[in-house]
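The values are calculated or read from the model by the stated rules, or taken from the named source; none is laboratory data. Keep in mind it's a predicted model, so treat the numbers as computed, not measured. Ideal geometry is used to build each Cβ from the backbone, glycine not excepted, and the neighbour counts take in all protein chains shown. Note: accessible area is taken over every heavy atom of the protein model, side chains too, but ligands, DNA and RNA are not part of it. Shrake-Rupley method; radii C 1.70, N 1.55, O 1.52, S 1.80 Å.
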Amino acid sequence: MKRLLDIAPPVALTLILLLVWEAACRLLHLPVYFLPPPSDVAVALVQAGPRLATSALVTFRMALTALLVAGIIGTGLALAVSLHRAAERAVRPLAVVLQVTPIVAIAPLVLIWFGIDHAERAVVALAAAVAFFPIFSGVLTGLRSADPDLERLFDLYAAHPLQRLWRLRLPSALPFALEGLRVAAGQAVIGAVVAEFVSGSGATQGLAWRLLEAGNRLRTAEMLAGLVCLAVLGLLLNAAVAGIARIITRTRPR
């Protein structure tokens, strides 16, 4: 019952917005190529469902692969630089530069490096670059958030840096790392879609290519259906990460 009460407000608001959208399209007689009503979007979602589902699986696979790559590299690098302040000061500005560089600016270069024949690898690399910083920053912030009193206690016992990392800093970093992973999950989907758009070759056949295809043919309802699939994809990936986070949080030793 509590869960039903929690989801009731967003569901009610969504239904109200859809009804307003439908009524506005009907009353204002908006052209369907400009803004189709939700009923047309639902029809397009059913008609193009198999094609969109196949493309959604491609995009999901690339986003998930990018998230795993970003998680391994981001976590590993954060653990490595946390052992030495000078290494952290050297690496963090480079990570920030990677974060603030627009993906559309580096996408053509990455596509050249991987080649048109390996467009999927280029998309995964670009999506991983987008998802890298939230994981790296979350883990590194968490490693630096250990209790100062416990840090002094470890100093008192002359603990080895690896002992300090394993017994003190990693448990402290876990909530920050999980939050960074949750943010990175959404970033991975965004990065995969933007990279698909920029590649423009259609080799990946993901959802971005379906959106481009529908837009070029003025099938606006199908474009919106593709956006619905993207939203569902992002929600599923976010929910999966949140579920993993809950399991880890419950099972970790306290």
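So, in the range 117-162, exactly how many residues are closer than 28 Å to P93 by Cβ, at pLDDT 80 or above and either in a helix (DSSP H, G or I) or over 34 Å from the mean Cα position of the chain (by Cα) (or both)?
23
Can you say whether G191 is in the same structural domain as H118 (by TED's automatic domain parsing) and either part of a loop (DSSP other than H, G, I, E, B) or in contact (Cβ under 8 Å) with a residue 60 or more places away in the chain (or both), as far as the supplied structure shows?
For G191, the condition - in the same structural domain as H118 (by TED's automatic domain parsing) and either part of a loop (DSSP other than H, G, I, E, B) or in contact (Cβ under 8 Å) with a residue 60 or more places away in the chain (or both) - is met.
In the list I106, I112, which residue meets the criterion of being within 23 Å of G206 (Cβ to Cβ), open to solvent by 80 Å² or more (accessible area, probe 1.4 Å) and assigned to a helix (DSSP H, G or I)? Spell out the reasoning first.
Numbers: I106 fails: open to solvent by 80 Å² or more (accessible area, probe 1.4 Å).
The conditions single out I112.
Can you find even one residue in the range 82-97 that is in contact (Cβ under 8 Å) with a residue 60 or more places away in the chain and assigned by TED's automatic domain parsing to the domain that holds V232?
yes
Kindly indicate which of R51, R89, R61 is open to solvent by 60 Å² or more (accessible area, probe 1.4 Å) and either over 24 Å from G191 (Cα atoms) or touching a strand residue (DSSP E or B) at 6+ places or on another chain (Cβ under 7 Å) (or both).
Numbers: R51 fails: either over 24 Å from G191 (Cα atoms) or touching a strand residue (DSSP E or B) at 6+ places or on another chain (Cβ under 7 Å) (or both); R61 fails: either over 24 Å from G191 (Cα atoms) or touching a strand residue (DSSP E or B) at 6+ places or on another chain (Cβ under 7 Å) (or both).
Just a single option satisfies the conditions, and that option is R89.
Identify all residues within the range 22-48 that are in a loop (DSSP other than H, G, I, E, B) and buried (at least 20 other Cβ atoms within 10 Å of the Cβ); write none if there are none. I'd like the intermediate steps shown before the answer.
Filtering the range 22-48 down to residues in a loop (DSSP other than H, G, I, E, B) leaves 29-37, 48.
Result: P36, single match.
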